[in-house]
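Participant: The structure's right below; bear with me while I get my questions together.
The values are calculated or read from the model by the stated rules, or taken from the named source; none is laboratory data. These numbers come from a predicted model, not from an experiment. Counting neighbours? That spans all protein chains shown, and the Cβs are built from the backbone with ideal geometry, glycine included.
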Amino acid sequence: MCGRYAASREPAALVEEFGVEESPAVDLPARYNIAPTNEVYVVRDGKPDDAGHHPRRLDVARWGLVPSWAKDPSIGNRMINARAETVAEKPAYRRALASRRCLLPADGFYEWQAPAEGVLNAAGKKPAKQPYFLHPADGTGLAMAGLYEWWRDPEIEDADDPRAWLLSTTIITTSARDEVGRIHDRMPVAVLPEQRDAWLDPETPGSQILSEILAPSRPGFWDIYPVSTAVNSVRNQGPDLVRPLPESG
């Protein structure tokens with residue numbers, strides 16, 4: 001799964017990188033320990049104009065997808081990830097996969113490696129999991145494949161009230177391979193720059209483009225290194241969280 005990530009790029013940089021035409025009214029600060037239910041940036045193609053053009057948008061969404069049919073938004077707390085293997089079949093995701101696809105800009109994401117079986121620390125206890133930070137090795141930003149949904153709050157009568165609508169999102173994950181698989185068995189789907197237009201285009205069949213972006217990452221795509229266990233607490237923030245641990249010895 002993907003349960004934490006870092007995103008520090010400013011909105012202006014995201015607007016340029018993704019060709020955004022419509023930006024959010026609220027700017028999110030740089031964050032290095034984003035957790036489920038946090039507000040996050042999503043890039044999506046909006047409703048078509050009179051010429052049939054879908055304007056590219058940068059929006060703020062809550063992480064944890066809330067289907068339109070949900071009775072309340074709490075269901076999103078356990079829908080932070082959608083498995084690529086079943087996303088086209090699950091009722092909560094299949095309609096969004098068809099035409100409500102998005103990208104979640106990130107610097108990189110965290111995963112935790114469990115200690116080897118039988119390994120004990122100096123106190124004779126099983127060591128804690130070691131967090132790792134994974135990001136594109138070439139220094140470019142990461143764009144994670146996602147889905148989005150709108151949920152209507154029935155307690156707000158006025159449909160024109162912005163508070164009546166909740167925009168939420170989920171990250172699509174796939175089986176981890178190669179060096180990533182040695183850390184954890186799941187990873188977010190990374191959408192390369194040349195794949196992004198097709199992924200965001202609501203006219204493109206979702207199952208078709210998903211199969212295309214699930215190709216294994218090229219060798220050396222990821223830079224992976226251990227980081228401080230301070231990232232374990234969602235209260236901790238700051239760039240120190242993504243810095244490599246000093247080499248021992």
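For (1) touching a Ser or Thr at 6+ places or on another chain (Cβ under 8 Å); (2) surrounded by 15 or more Cβ atoms within 10 Å (Cβ to Cβ), each residue gets a yes or a no:
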position: Arg4; (1), (2): no, yes
position: Glu17; (1), (2): no, yes
position: Glu21; (1), (2): no, no
position: Pro29; (1), (2): no, no
position: Pro55; (1), (2): no, no
position: Leu58; (1), (2): yes, yes
position: Ala61; (1), (2): yes, yes
position: Val66; (1), (2): yes, yes
position: Lys71; (1), (2): no, no
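Participant: Output yes when any residue across segment 182-190 is without any contact (Cβ under 8 Å) to a residue 40 or more places away in the chain, under 30 Å from Lys129 (Cβ atoms), in contact with a strand residue (DSSP E or B) (Cβ under 7 Å, 6 or more places away or on another chain) and surrounded by fewer than 16 Cβ atoms within 10 Å (Cβ to Cβ), and no when none is.
Facilitator: yes
Participant: Among the residues of segment 152-180, count how many are within 14 Å of the chain's Cα centre (by Cα) and within 27 Å of Arg218 (Cβ to Cβ).
Facilitator: Counting residues in segment 152-180 that are within 14 Å of the chain's Cα centre (by Cα) and within 27 Å of Arg218 (Cβ to Cβ) gives 6.
Participant: Regarding Ala106, is this residue touching a strand residue (DSSP E or B) at 6+ places or on another chain (Cβ under 7 Å) and not aromatic (Phe, Trp, Tyr)?
Facilitator: Working: touching a strand residue (DSSP E or B) at 6+ places or on another chain (Cβ under 7 Å): yes; not aromatic (Phe, Trp, Tyr): yes.
Yes; evaluated as a whole, the condition is true for this residue.
Participant: I would also like to ask the following. Tell me yes or no: at least one residue of segment 191-199 is at pLDDT below 90, in a loop (DSSP other than H, G, I, E, B) and surrounded by fewer than 18 Cβ atoms within 10 Å (Cβ to Cβ).
Facilitator: no
Participant: Taking only segment 162-190 into account, find how many residues are part of a loop (DSSP other than H, G, I, E, B) and of a type outside the set (Asp, Glu).
Facilitator: Summing the residues that are part of a loop (DSSP other than H, G, I, E, B) and of a type outside the set (Asp, Glu) in segment 162-190 gives 6.
Listed here are the residues, each with its yes/no results for (1) among the β-branched types (Val, Ile, Thr); (2) farther than 21 Å from Thr173 by Cβ.
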{"site": "Thr37", "(1), (2)": "yes, no"}
{"site": "Val42", "(1), (2)": "yes, no"}
{"site": "Lys47", "(1), (2)": "no, yes"}
{"site": "Pro55", "(1), (2)": "no, yes"}
{"site": "Val60", "(1), (2)": "yes, yes"}
{"site": "Ser68", "(1), (2)": "no, yes"}
{"site": "Asp72", "(1), (2)": "no, yes"}
{"site": "Ile75", "(1), (2)": "yes, no"}
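Participant: While we're on this one: Identify all residues within segment 94-119 that are modelled with pLDDT under 95 and of a type outside the set (A, V, I, L, M); write none if there are none.
Facilitator: If the condition is that a residue be modelled with pLDDT under 95 and of a type outside the set (A, V, I, L, M), then Arg94, Arg95, Ser99, Gln113, Pro115, Glu117, Gly118 are the ones that fit.
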